[in-house]
1. Which one is most open to solvent (accessible area, probe 1.4 Å), of the residues in the range 34-56 that are more than 18 Å from the chain's Cα centre (by Cα), modelled with pLDDT under 90 and over 17 Å from residue 241 (Cα atoms)?
2. Scan the range 242-261 and give yes if some residue there is of a type in the set (A, V, I, L, M), open to solvent by 70 Å² or more (accessible area, probe 1.4 Å) and in a helix (DSSP H, G or I), otherwise no.
3. Can you tell me which residue in the range 106-163 is least open to solvent (accessible area, probe 1.4 Å), limited to those that are acidic (Asp, Glu) and over 30 Å from residue 65 (Cβ atoms)?
4. Take the conditions of a type in the set (S, T, N, Q), modelled with pLDDT of 80 or more and closer than 16 Å to residue 61 by Cα and apply them to residue 119. Does it pass?
Amino acid sequence: MRRAAYWSAGVASVLVLAGCRTPLEYREEADEVAARNLAEAQTRVLGEAEVLSIDNPAVTLRQRLLLDQLLPHDETVAGGVVTLPDTEHWRTGDHYGEAPAEPPPPWQGGDTVRITLVQALQICARNTRDYQAAKEDLYRSALALDLEQNEFRSTFAGRIRQSFSSTHNGDRRASGTRSSAEFGAGQVFRNGAELSSAIAVDLAKLLTQDRSSSWGIYADSSISIPLLRGSGEIVVAEPLTQAERNLLYRVYDFETFKRTFAVRIANSYYGVLRSRQQVRNQEENYQRLVAST
């Protein structure tokens with residue numbers, strides 16, 4: 001009995017360690033799946049894939065402008081979850097990992113900052129909420145596609161059962177434990193067929209060689225095939241097909257948004273240059289008037 005208990009405890013420990021993941025690992029896995037789905041959709045629509053970063057900068061441009069230049073601001077500058085202090089139930093490093101080092105802002109050198117059009121587009125794409133919201137919509141569509149793809153993946157499950165019994169016949173108490181493990185797998189096909197199989201192991205019979213079952217292993221398999229309702233690939237795979245279409249639509253929408261976004265930022269950029277040139281022209285006119293006088 002002790003050996004059976006040790007075996008069950010060992011198997012349970014292996015299953016727990018294999019199934020447990022940290023929030024950071026789940027987040028990294030979701031990012032990998034979303035990036036793969038996005039790359040496939042972008043290659044299908046645009047002919048090439050673009051790497052997108054969904055994370056906001058650890059220190060936003062607004063915070064830098066307020067704090068580094070000592071501008072008037074409230075004591076609590078609004079920030080994201082990355083700026084939350086670590087507590088007993090929340091640690092930023094467990095969810096987001098180590099934040100990448102941000103380069104120092106160019107205005108700290110004391111020289112006049114000259115921003116090109118390309119740099120202006122990069123700064124706005126990095127710090128504008130509209131651009132961030134468009135990327136998040138695209139990211140959610142990629143995750144929604146992964147959720148529909150998961151319906152047709154092979155799934156595995158395991159369960160460990162441990163029972164304890166104790167009897168007393170007046171003068172003597174007898175105690176014992178019984179351990180068993182169950183493992184199962186399932187697969188749903190696009191035609192609606194569902195295949196499931198399971199195997200159970202009775203560790204007590206496996207170790208004590210009980211006569212009722214010398215191996216202590218039981219197996220079962222079943223298949224379910226719909227004949228009328230819910231049958232056929234067109235019906236079963238329709239949610240997956242729609243999720244793929246939605247991702248393609250989001251890719252088109254994001255490309256359209258990037259073009260209109262670039263035109264809007266370029267208009268604002270050239271508007272600033274035009275205003276600067278107007279100031280120079282007025283200054284030169286004033287100097288000519290002074291010289292004429």
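1. That would be 48.
2. Quick first cut of the range 242-261, residues of a type in the set (A, V, I, L, M) only: 243, 247-248, 251.
Narrowing the set further to residues that are open to solvent by 70 Å² or more (accessible area, probe 1.4 Å) leaves none.
For the range 242-261, residues of a type in the set (A, V, I, L, M), open to solvent by 70 Å² or more (accessible area, probe 1.4 Å) and in a helix (DSSP H, G or I): absent.
3. At the first step, the residues of the range 106-163 found to be acidic (Asp, Glu) are 111, 130, 136-137, 146, 148, 151.
Filter again for over 30 Å from residue 65 (Cβ atoms), leaving 146, 148, 151.
Details: 146: 35, 148: 53, 151: 108 Å².
For the range 106-163, the residue satisfying everything is 146.
4. Yes; evaluated as a whole, the condition is true for this residue.
The values are calculated or read from the model by the stated rules, or taken from the named source; none is laboratory data. Since this is a predicted model, take the numbers as computed values, not measurements. Quick reminder, even Gly has a Cβ in these numbers, built from the backbone with ideal geometry, and neighbours come from all protein chains shown. Just the protein is used for accessible areas: all its heavy atoms, side chains included, with ligands, DNA and RNA removed. Shrake-Rupley method; radii C 1.70, N 1.55, O 1.52, S 1.80 Å.
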